[in-house]
Amino acid sequence: MSYQHQYVDGTRIHFPVGKLVCVGRNYAEHAKELNNPVPSEPLLFIKPASAAVRDRGAVHYEAEIAVLIGKPLSRQPNDEEIREAISGFGVALDLTLRDVQNRLKDKGHPWEIAKAFDGACPLSPFVPGDAVEDLADIGVRLSINGELRQDGNSRDMLTPILELIRYISGHFSLQPGDVVLTGTPAGVGALARGDQLVVELPELCRFETHVL
Ligand code: ZN
């Protein structure tokens, strides 16, 4: 179940996969499609390293821009410190057992088992942090069986990337190997057996997977 981060050229990244810190409802259109109110501050949750494997599909898909942390960050770092700590950008699938999540949410219970199970976060290889110039213009796309289902851009995030990482590190210190998932754009839905998925940051990185 262990998985090593790597760059798109196949180079392995020396630090192990750490925790995956995620944000819910970071795109207004996505909050709307699930009939969720837009939160007044970022809604954070964590997936363990054991969720980060490739080649496992299931349930509901959410394609998200993933930011690989390469230096420790804690207590409200400034933009420059955050930028320097970013080792890579990749794309992730935040897989969600939506029925289980809704059942637990209705009861006001934590919904980790719907989000943090083994294989719940397939990740692409990363492009180096300096491969992206404008953090407010990163595309993210997901297609299923050749049909485009999600087509988002970081410019539509309610909490932009640097601000989000600052907020997170005020609550959870980030370590090399940790990955921040930045929320999903509209277009989420259920997966069916045999579906072929292509998940990408156009012109940067991608991965393909299918549902067993
Ligand atoms: Zn998500």
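The numbers here are math on the coordinates, done by the rules we state, and not lab data. Predicted, not measured: the structure shown is a model, and the values here were computed from it. Here Cβ is always computed from backbone atoms with ideal geometry, including for glycine, and neighbour counts include all displayed protein chains.
Structural remarks
- Average Cα contact separation per residue, the chain, under 8 Å, 6 or more apart, as relative contact order %: 32 percent
- Each 5 Å bin, from zero up to the one with the longest distance, holds this percent of the alpha carbon pairs of segment 97-212: 2, 9, 15, 20, 22, 18, 10, 4, 0.
- Cβ crowding within 10 Å averaged over residues, with 97-109, 13-25 ranked highest first: 13-25, 97-109
- Sorted from longest to shortest, the spans of the Cα atoms of segment 1-125 along the three principal axes equal 42, 35, 24 Å.
- Size descriptor for segment 163-212, Kirkwood hydrodynamic radius: 14.0 Å (Cα pairs only, one decimal).
- Taking only the C-alpha atoms of segment 1-43, the Rg (one decimal) and the largest Cα-Cα distance, Dmax (whole number), read 16.3, 42 Å.
- Two-decimal Rg to Rh for the chain - Kirkwood Rh, Cα set: 0.93
- Taking every C-alpha pair closer than 8 Å and separated by at least 6 residues, the mean separation divided by the residue count of segment 111-193 gives a relative contact order of 23 percent.
- In terms of the mean number of neighbouring beta-carbon atoms within 10 Å, the peptides 118-125, 160-167, 181-188 order highest first as 181-188, 118-125, 160-167.
- Kirkwood hydrodynamic radius over Cα pairs of segment 41-103, then Stokes diffusion coefficient at 20 °C and 1.002 mPa s, in µm²/s: 152 µm²/s
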